[in-house]
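Have a look at the structure below before the remarks.
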Amino acid sequence: MDGGPLYALQTELEQIYALAPAPDVTGFLLSDREQATALGGVAPDLDEAVLVLEEPGTMNLALFLDADVVEQLAGHDVRTDNLGAWLLAAEGVSHFVCLVRRAQLDWPVTQLELELQGEIDKFLLVERLLATQGVRLPATALLRWLFDYPELRTSLDSQERWRYRLATRLARSYCRCLPPVCSEEARRRSLREFYRLAGAQKVQRIRSLTH
């Protein structure tokens, strides 16, 4: 992955899904917590958020990543002590790319779909980041690592907890059913077709794969 770490994550997603390049996410990065709080009411225990301000005919975006998270991404290497930062960055970039694409198509997007796609993209990006470092975990191990022990923020309300848990469960089911990395063409086709579905269609597709 070349360039800055966030842009590298973005271009990786655009390559995976064969998307037209979106504006460089780095230009939308906001790491000042006070400024982010003033713009979007970022909670004190939140280290990543995409801030959205919609106006007639326009959508303004900013990706908030806490300054400490951004610092941990330097060097592009994934370690046990900075994995959490990479997961936050991957989720934020995933949300950014999805929102930009939907705005370009003038399609709606739900919070559940954003969280579902973000969880899937974290799996794919971590898998690829580790592979570039010569680390190949069995898919089953990576699934357990990312999805079986989610830690939810204590400030979430019951509706938010339900949404995050459902997104995690659906993402795990989808990633488990993906063709293996060695079946590159089948995997690429599955991912690109799924990405272009609407939110409810994604849920239906996952349930059809697992029942």
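The values are calculated or read from the model by the stated rules, or taken from the named source; none is laboratory data. These numbers were taken from a predicted model, which means no experiment stands behind them. Backbone-built Cβ (ideal geometry, glycine too); neighbour counts: all protein chains shown. Note: areas computed on protein heavy atoms with side chains; ligands, DNA, RNA excluded. Shrake-Rupley method; radii C 1.70, N 1.55, O 1.52, S 1.80 Å.
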- Message: If the requirement is being in contact (Cβ under 8 Å) with a residue 12 or more places away in the chain, more than 22 Å from Arg161 (Cα to Cα) and surrounded by 14 or more Cβ atoms within 10 Å (Cβ to Cβ), which of these qualifies: Leu112, Leu129?
- Response: Leu129
- Task: Please work out which residue is surrounded by the fewest Cβ atoms within 10 Å (Cβ to Cβ), limiting yourself to region 20-78 and to residues that are outside any loop (DSSP other than H, G, I, E, B) and β-branched (Val, Ile, Thr).
- Result: Thr58
- Task: Answer yes if at least one residue in region 17-30 is in contact (Cβ under 8 Å) with a residue 24 or more places away in the chain and more than 19 Å from Gln104 (Cβ to Cβ), and no otherwise.
- Result: yes
- Note on the structure: Those residues of region 79-102 that are crowded, with 20+ Cβ neighbours inside 10 Å and in a loop (DSSP other than H, G, I, E, B) come to a total of 0
- Query: Pick from region 132-155 the residues that are open to solvent by 80 Å² or more (accessible area, probe 1.4 Å) and part of a helix (DSSP H, G or I): which of them is nearest to Gln15 (Cα to Cα)?
  - Reply: Thr132
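Please enumerate the residues belonging to region 174-195 that are in contact (Cβ under 8 Å) with a residue 12 or more places away in the chain and either open to solvent by 30 Å² or more (accessible area, probe 1.4 Å) or part of a loop (DSSP other than H, G, I, E, B) (or both).
Arg176, Cys177, Leu178, Pro180, Val181, Arg188, Ser190, Arg192
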- Looking at (1) closer than 25 Å to Leu105 by Cβ; (2) in a helix (DSSP H, G or I); (3) without any contact (Cβ under 8 Å) to a residue 12 or more places away in the chain, which is the one condition that is false for Glu12? (3)
